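Written out below as structure tokens is the structure these notes cover.
The values are calculated or read from the model by the stated rules, or taken from the named source; none is laboratory data. On a predicted model such as this, the values are computed, not experimentally measured, just so you know. Positions of Cβ are backbone-derived with ideal geometry, glycine not excepted, and every protein chain shown enters the neighbour counts. Accessible surface areas use protein heavy atoms only, side chains included; no ligands, DNA or RNA. Shrake-Rupley method; radii C 1.70, N 1.55, O 1.52, S 1.80 Å.
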Amino acid sequence: MASQLLSAAGKFVSLPEKYVRPESQRPRLHDVINDTNIPIIDLGSPDKQQIVAQVADACRSFGFFQKMMGVASEFFHLPPEEKAKYYSDDPTKKMRLKESVRNWRDYVRLHCYPLEEFVPGFRLLGAISLSLELEEDYLEKILGEQEQHMAVNYYPTCPDPELTYGLPAHTDPNVLTILLQDPNVAGLQILKDGRWIAVRPLPNTLVVNVADQLQALSNGRYMSVRHRAVVNSDKERISVASFLCPGNGVVISPPEKLVGGDGCPAMYRSYTYDEYYDKFWSRALDEHCLDFFKR
Ligand code: OGA
Ligand code: NI
């Protein structure tokens, strides 16, 4: 129900029961490490070889690296009746606003085409292909008629950030995610070596994370990073996630070059992105979707 949207509800003085996570599933914010050295890559650098080497390193070690806001905030501060027009639970809708039960966020999901209008993905895919020692246009070609979906996330101030999440731990189902975050409000955390690391937002910097399809296409060389969003008691936060997706009928299967040879058999069976996406939305949230496709 649109009336459940957090951004339509006014200010909360205490956290409503349904957002309170069981003790064992809480964020344990004291245990989170502050980001010191998450790789930052200058994609505008003339030294292409260096970019490729940095991308390879970042995707292998973190599954994550960092590489522009205002309109989104206006949307979530529209009157409730206006926002209600966009509210939907139907995942096939091209634009929908959702409240997520038990997550301290509202979000809008947009399907955007054509890709050429959302440039940053392109050069990135070239650099990532090269970093896997593939032809520069390999990924771009294999991904077919790519789609770019966007989620505009709104995390209101929260009366008790220790008891809930904006978004609980997950990996993204697509190929690559590019996240624009509020430069002044932290909230994104990534899991590395069993510990949560808080990503400090940097001005004029996009966050890039490896998502499930890149893990599958690279035959496990690059890992789809587990990440989550926590919330704040004194500051609302907005982020815009742009999900690079393969065309729907595209078969996801790693190139021969990355299979066998150095003793690395195919980790996952081939499947179409359609099939994966359906599974992703129908599984339980704590199940890693790629596990269903393991050989
Ligand atoms: C997502 C996501 C993180 C954030 O939308 O999938 O991980 O910081 N967002 O909002
Ligand atoms: Ni995500």
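At-a-glance table
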| quantity | calculated |
| --- | --- |
| Residue tally, condition within 28 Å of Arg105 (Cα to Cα), among the hydrophobic types (A, V, I, L, M, F, W, C) and assigned to a helix (DSSP H, G or I), over segment 18-58 | 1 |
| Residues within segment 175-184 that are modelled with pLDDT under 95 and either more than 9 Å from ligand 1 (Cβ to nearest atom) or surrounded by fewer than 22 Cβ atoms within 10 Å (Cβ to Cβ) (or both), tallied | 6 |
| Within segment 268-287, considering residues that are open to solvent by 70 Å² or more (accessible area, probe 1.4 Å) and in a loop (DSSP other than H, G, I, E, B), the one modelled with the highest pLDDT | Arg269 |
| Those residues of segment 72-86 which are modelled with pLDDT of 70 or more and charged (D, E, K, R), in sequence order | Glu81, Glu82, Lys83, Lys85 |
| Near pairs, Cβ below 7 angstrom, 6+ apart or cross-chain, from segment 194-211 (part of a strand (DSSP E or B)) to any residue that is open to solvent by less than 20 Å² (accessible area, probe 1.4 Å) and of a type in the set (Gly, Ala, Ser) | Asn209/Gly63; Val210/Gly63; Val210/Ser224 |
| Every residue from segment 238-267 that is part of a strand (DSSP E or B) and not hydrophobic (A, V, I, L, M, F, W, C) | Ser239, Ser242, Gly260 |
| Residue in segment 231-238 that is under 12 Å from the mean Cα position of the chain (by Cα), open to solvent by less than 10 Å² (accessible area, probe 1.4 Å), within 15 Å of ligand 2 (Cβ to nearest atom) and farther than 14 Å from Ala58 by Cβ present | no |
| Check on Leu202, more than 12 Å from ligand 1 (Cβ to nearest atom) and more than 25 Å from Glu287 (Cβ to Cβ) | yes |
| Inter-residue pairs, beta-carbon under 7 Å, first farther than 16 Å from Arg237 by Cα and among the hydrophobic types (A, V, I, L, M, F, W, C) and in segment 164-176, second open to solvent by 20 Å² or more (accessible area, probe 1.4 Å) and more than 7 Å from ligand 2 (Cβ to nearest atom), 6+ apart | Ala169/Leu191; Ala169/Arg226 |
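Yes/no matrix, rows are residues, columns are (1) open to solvent by less than 10 Å² (accessible area, probe 1.4 Å); (2) in contact with a Cys (Cβ under 8 Å, 6 or more places away or on another chain); (3) within 16 Å of ligand 2 (Cβ to nearest atom):
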| site | (1), (2), (3) |
| --- | --- |
| Glu147 | no, yes, no |
| Arg195 | no, no, no |
| Val207 | yes, no, yes |
| Arg226 | no, no, yes |
